[in-house]
Each structure stands twice: as C-alpha cells, then as structure tokens.
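Inspection log for the structure reproduced underneath, given as structure tokens.
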Amino acid sequence: MRATRLVVIGDLHAGPDRSSLRGTLVNDLLSEWIDFVNKSIEPDAIVELGDRINPVDRESDIRTLREMSIILSRSRCPVYYIPGNHDLDNLTQEEHEEAIGSKLGNRSVELKGLRLLLLNTQDPVVQGVGGMVSDEA
C-alpha cells in the first residue's frame, strides 16, 4: 500500500493585487497547479489553509471565492478548507461556506486510516484574536 499523500496549500490571496500579494495571478497559477497535482502527485486529499482572498467587499469576495472553488473542484481528491484571518473580513462563516461549497468549522475526517483534525483558528468566540481555538470547540 502506498503512503498517504496530503497536499497543503495556503495564503493564495486571490483578488486585487496588494503589495507583494499578486492576487490577480492566483486563478491562472492555481489552475496550472491543480492540473500538476492531479497528474503528478495524485494526493489523497488537499488541505487549503486559508487566506484565500485579499478582501474587498461582500460581493467581490463571494465572486472571488466561487471562482477559486471552481478551480479547486477539478481536484481528483477531497479538498478540505480552513479559514484564515483575511477570509472572514466581509463575510460570515456561513456565507464563506456557501461560496466555496464546503464547511469551515472544526471537524475531523478519516483519511486512509488516519484521523485528520481541521481546526478553525478564527473562532468568533475569541473575538479579535486570531490563532485561537475556543474551549467551546
């Protein structure tokens, strides 16, 4: 049996360019990347660690997330999303989940006999403090 293959990606910052964050290039690069991953790596899962967008406003952020999720949906394996501190500036967690078609909350998944814990460190119970998971999680 081959080893479990997990691909991790994060800090894509799609949307408008900001300083060194070249958001306008993300969709083209991500499209090439997902084709490479499908063909050459053949992972069992992809974990997207957040900071998917350079936030603008509610409508723009939803559009950017939908475009990105369409590209990632071409993956031949499950894609698991975790929110980053830029992802929920203009959106509720529920709006973000609807835009990407996936849950963001704390959860665990079984992956080839391994338990993968996906933790939301943008927990609203600890308002304004990133990198925390509340006791209620």
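The values are calculated or read from the model by the stated rules, or taken from the named source; none is laboratory data. The structure displayed is predicted, hence computed values, not measured ones. Cβ atoms come from the backbone with ideal geometry, glycine included; neighbour counts cover every protein chain shown.
Values as computed for the structure displayed
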read-out: Glu97 being without any contact (Cβ under 8 Å) to a residue 12 or more places away in the chain and surrounded by 15 or more Cβ atoms within 10 Å (Cβ to Cβ); value: yes
read-out: Count of residues meeting criterion [buried (at least 19 other Cβ atoms within 10 Å of the Cβ), out of contact with any Lys or Arg (no Cβ under 7 Å at 6 or more places or on another chain) and not in a helix (DSSP H, G or I)] in the stretch 52-68; value: 3
read-out: Tabulated pairs, the stretch 25-48, first under 16 Å from Pro78 (Cα atoms), second charged (D, E, K, R), C-beta under 6 angstrom, 6+ apart or interchain; value: Ile34/Arg74; Asn38/Arg76; Pro43/Arg5; Asp44/Arg5; Asp44/Lys112
read-out: Residue ID - modelled with the highest pLDDT, chosen from residues in the stretch 97-137 that are small (Gly, Ala, Ser) and farther than 28 Å from Pro43 by Cβ; value: Ser134
read-out: From the options Ile46, Ile71, residue that is surrounded by 18 or more Cβ atoms within 10 Å (Cβ to Cβ), hydrophobic (A, V, I, L, M, F, W, C), assigned to a helix (DSSP H, G or I) and at pLDDT 95 or above; value: Ile71
read-out: Subset tally (residues that are over 23 Å from Thr24 (Cα atoms) and out of contact with any strand residue (DSSP E or B) (no Cβ under 9 Å at 6 or more places or on another chain)) for the stretch 58-108; value: 3
